[in-house]
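> Sharing a structure below in structure tokens format, with a few things to ask.
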Amino acid sequence: MKKYLHITLSILLLFIGINVFSQQKTDSITLSDQYIVFEGDTLLIELDEIMLLKKVKFKTAYDQKYYYWFRKKVLKAYPYAKLASERLTVLNQRRDSIKSRSKKREYTIRVQKYMEGEFTDQLKKLTRTEGRILIKLIHRQTGETAFDVVKDLRSGWKAFWYNTTASMFKLSLKDKYNPEKNPEDYLIEDILQRAFIAGILKEQPSKLNYDYINLSKKEIDVSSIVNKKK
């Protein structure tokens, strides 16, 4: 068993690039985040999972510029969608505990006004592209389209007029997030996953059901997205 553990440790060290002789020793104990050696016996501890993503390849310099420009938009929009999901979760939990229908409606209106006051000025500063990404991310984080969220908080009539207004800017509150079929959504998802791994964004699990691990096997074709937008 001891021999097996030492072989396992050697393979592990080669993989993660750690030199065992660089560790500090005290009283026959070698301490590391990945393993412990105590009086000659090696004990392995569980490592956190690390997702390795393919390097993004660009066919042209323009594709590369577009990617980093689009990346900024995604990083800007995501926190709003994450916060909206958190607010809606609290709203639904508290609303479910209220028995009176009229008091439920009163509470919903109060929260809705609070959210409008909290977000309106900031959301007005979003560009059309950032707005389109936010609509998609709201669906990713809440499991509901922006249209359904407005319909639930306000009314079907308000949702209709909000969507009509959005259509003037070539946006739709009914847009859904589908990284498995939509290349731009896949690009958004890839940008998010890289940002989560790098610690740039704090991950909030998606409410949608899709397998990113399987998706990540595909190459990102930025050119097809750029050409589609032209």
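The values are calculated or read from the model by the stated rules, or taken from the named source; none is laboratory data. Computed from a predicted structure; not experimentally measured. Here the Cβ is made from the backbone with ideal geometry for all residues, glycine too, and neighbour counts use every protein chain on show. When the accessible area is computed, the model is the full protein with side chains, heavy atoms only, and any ligands, DNA or RNA have been set aside. Shrake-Rupley method; radii C 1.70, N 1.55, O 1.52, S 1.80 Å.
> Quick one: the Cα spread of segment 64-110 along its three principal axes, in angstroms, biggest first?
Sorted largest first, the three principal extents are 55, 15, 10 Å.
> Where Lys and Arg each count +1 and Asp and Glu each count -1, what net charge lies around residue 55 among other residues with Cβ under 15 Å from its Cβ? If you can, show how the numbers build up before the last one.
Values: positive: 54, 57, 59, 71, 194, 217, 218; negative: 63, 190, 219, 221.
Here the count lands on +3.
> Something else: Would you kindly find the accessible area of residue 109, with a 1.4 Å probe and non-protein molecules such as ligands, DNA and RNA excluded, rounding to the nearest 10 Å²?
60
> On the full set of protein chains, 1.4 Å probe, figure out the accessible area of residue 106 and give it in Å² to the nearest 10.
We get 110 Å² for residue 106.
> Moving on to the next point. Using 7 Å Cα-to-Cβ label points, what is the residue 219/residue 89 separation (nm, one decimal)?
If labels sit at residue 219 and residue 89, their model points lie 3.8 nm apart.
> Please list 128, 95 in order of solvent-accessible area, largest first, computed with a 1.4 Å probe with all protein chains present. Walk me through the intermediate numbers first.
Numbers: 128 120, 95 35 Å².
Reading off the accessible areas and sorting them downward yields 128, 95.
> What order do 71, 132, 110 take when sorted by accessible area (1.4 Å probe), most exposed first?
Working: 71 70, 132 40, 110 135 Å².
Reading off the accessible areas and sorting them downward yields 110, 71, 132.
> For segment 134-230, with every protein chain kept in place, what is the accessible area per residue (1.4 Å probe, Å²)? Could you put the intermediate results ahead of the total?
Numbers: 5330 Å² over 97 residues.
Heavy-atom accessible area per residue stands at 55 Å².
> Something else: At a 1.4 Å probe radius, which order do 174, 181, 218 fall into by accessible area, largest first? Display every interim value, and only then the final one.
On the way: 174 110, 181 170, 218 90 Å².
My answer, sorted largest first, is 181, 174, 218.
> What is the sum of charges around residue 168, taking Lys and Arg as +1, Asp and Glu as -1, for the other residues whose C-beta is under 14 Å from the C-beta of residue 168?
Working: positive: 128, 132, 170; negative: none.
Charge balance in the 14 Å sphere: +3.
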